[in-house]
């Protein structure tokens, strides 16, 4: 992507004193619902009012959005509240209708980003537009695919570009609806520091009570803004009820979030330090998660050993692991002393788990 610094121009032009905030319901349900939420958000830090008009659903028979009718409701939002509007587009027909209704910000969803054919179709339909276009990460953790979508849009002479980090699907169950895989977003920031990046804690968490913590992590990692789904009656929302918050809750979240922007001469130092500390926090949580998974595997081994009356300690296997890990650690700049201490502690915890199972 050439002229990368131009990518941040549209964000700078907004002259915001806070991170960019995009908020509104997962789905536009009725005109009354859309206008009620918009009016509750109009005098807050929300920069763009979002609403899903077309909803790509995993299975047929689910609510798939009100369609083009909802675009007229977004026009009313702009007229009544003065707020700028945003919605998702998934094909050229959606783009045409959204532009006809003067939607200010369009985003391409995770299910669309996985297909270069779909992205190219949307890029062609948007060619030369002055609207803001954001690209959600693909459902799978594929950085090249994500960047490829941005490059297709940039090639279509679209200047106001950015990305949305909404997490990645995984077969394994975790506390997240979509695992954040923060390291991918960090890598993208490192490669393209002038590409605006917005975090979508609603889709990452799938749970409203986790939205604040993920939002704070994103801001600590120097994300440029947040997209948070907001509904006046979340429990009765027509889609994604559990991840939406009320306007009142959103306002409180925005008040409580710590914006780590220093104004003293140490600003650059503090900003970099906070960012690196946030990266360490992310990795530490991943380490704990992986250790938990390792101990579950150790529990399974303990159950098998109990069935066959096999001793817990298998010295040959242990020495093989240790030797292999020392070599792996050295290749990553970790000392032999550190690797030995760490894996001896992990091994002892595995033995404790297995002995509990064998001894009943």
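The values are calculated or read from the model by the stated rules, or taken from the named source; none is laboratory data. Note that the structure is a prediction, hence the values are computed from the model and not measured. For neighbour counting, all protein chains shown are included, and Cβ atoms are generated from backbone atoms with ideal geometry for every residue, glycine included.
Quick one: count up the residues across the stretch 60-75 that are surrounded by fewer than 18 Cβ atoms within 10 Å (Cβ to Cβ) and closer than 22 Å to residue 235 by Cβ.
Total meeting the criteria: 4.
To keep it simple, each residue is scored yes or no on (1) surrounded by fewer than 15 Cβ atoms within 10 Å (Cβ to Cβ); (2) in contact with a strand residue (DSSP E or B) (Cβ under 9 Å, 6 or more places away or on another chain); (3) under 23 Å from residue 224 (Cβ atoms); (4) free of Cβ contacts under 8 Å to residues at least 12 places away in the same chain.
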| residue | (1), (2), (3), (4) |
| --- | --- |
| 82 | yes, no, yes, no |
| 105 | no, yes, yes, no |
| 128 | yes, no, no, no |
| 143 | no, no, yes, no |
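Could you tell me which residue of the stretch 188-204 is farthest from residue 19 (Cα to Cα), considering only residues that are part of a helix (DSSP H, G or I) and touching a helix residue (DSSP H, G or I) at 6+ places or on another chain (Cβ under 6 Å)?
Per the criteria, the residue is 204.
What number of residues in the stretch 31-50 are out of contact with any helix residue (DSSP H, G or I) (no Cβ under 6 Å at 6 or more places or on another chain) and either without any contact (Cβ under 8 Å) to a residue 40 or more places away in the chain or farther than 21 Å from residue 235 by Cβ (or both)?
So the count comes out to 5.
Filter the stretch 17-32 down to residues that are modelled with pLDDT of 95 or more and surrounded by fewer than 19 Cβ atoms within 10 Å (Cβ to Cβ), then give me how many there are.
Result for the stretch 17-32: 3.
Take residue 55 and tell me if it is in the same structural domain as residue 152 (by TED's automatic domain parsing), assigned to a helix (DSSP H, G or I) and out of contact with any helix residue (DSSP H, G or I) (no Cβ under 6 Å at 6 or more places or on another chain).
No, not satisfied.
Within the stretch 236-259, how many residues are under 14 Å from residue 33 (Cα atoms) and surrounded by fewer than 11 Cβ atoms within 10 Å (Cβ to Cβ)?
Final tally of qualifying residues: 1.
Yes or no, residue by residue, for (1) within 18 Å of residue 108 (Cα to Cα); (2) exposed (fewer than 13 other Cβ atoms within 10 Å of the Cβ); (3) at pLDDT below 95; (4) touching a strand residue (DSSP E or B) at 6+ places or on another chain (Cβ under 9 Å):
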| position | (1), (2), (3), (4) |
| --- | --- |
| 15 | no, yes, yes, no |
| 34 | no, no, no, yes |
| 85 | yes, no, no, yes |
| 90 | yes, no, no, yes |
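Return the total of residues in the stretch 42-79 being touching a strand residue (DSSP E or B) at 6+ places or on another chain (Cβ under 6 Å) and under 30 Å from residue 255 (Cα atoms).
The number of residues fulfilling the criteria is 12.
Restricting attention to the stretch 284-312, which residues are outside any helix (DSSP H, G or I) and surrounded by 11 or more Cβ atoms within 10 Å (Cβ to Cβ)?
Listed by number, the residues that qualify are 310, 312.
Suppose the filter is surrounded by 17 or more Cβ atoms within 10 Å (Cβ to Cβ), within 23 Å of residue 244 (Cβ to Cβ) and in the same structural domain as residue 226 (by TED's automatic domain parsing); does residue 114 pass it?
no
Could you list, in sequence order, the residues of the stretch 157-185 that are surrounded by 18 or more Cβ atoms within 10 Å (Cβ to Cβ) and out of contact with any strand residue (DSSP E or B) (no Cβ under 9 Å at 6 or more places or on another chain)?
Once the filter is applied, which keeps residues that are surrounded by 18 or more Cβ atoms within 10 Å (Cβ to Cβ) and out of contact with any strand residue (DSSP E or B) (no Cβ under 9 Å at 6 or more places or on another chain), the stretch 157-185 yields 176, 177.
Please count how many residues of the stretch 215-234 are assigned to a helix (DSSP H, G or I), surrounded by fewer than 24 Cβ atoms within 10 Å (Cβ to Cβ) and within 13 Å of the chain's Cα centre (by Cα).
So the count comes out to 3.
Residues of the stretch 252-276 being at pLDDT below 85 and outside any loop (DSSP other than H, G, I, E, B), which ones?
Selection gives 267, 268, 269, 270, 271, 272, 273, 274, 275, 276.
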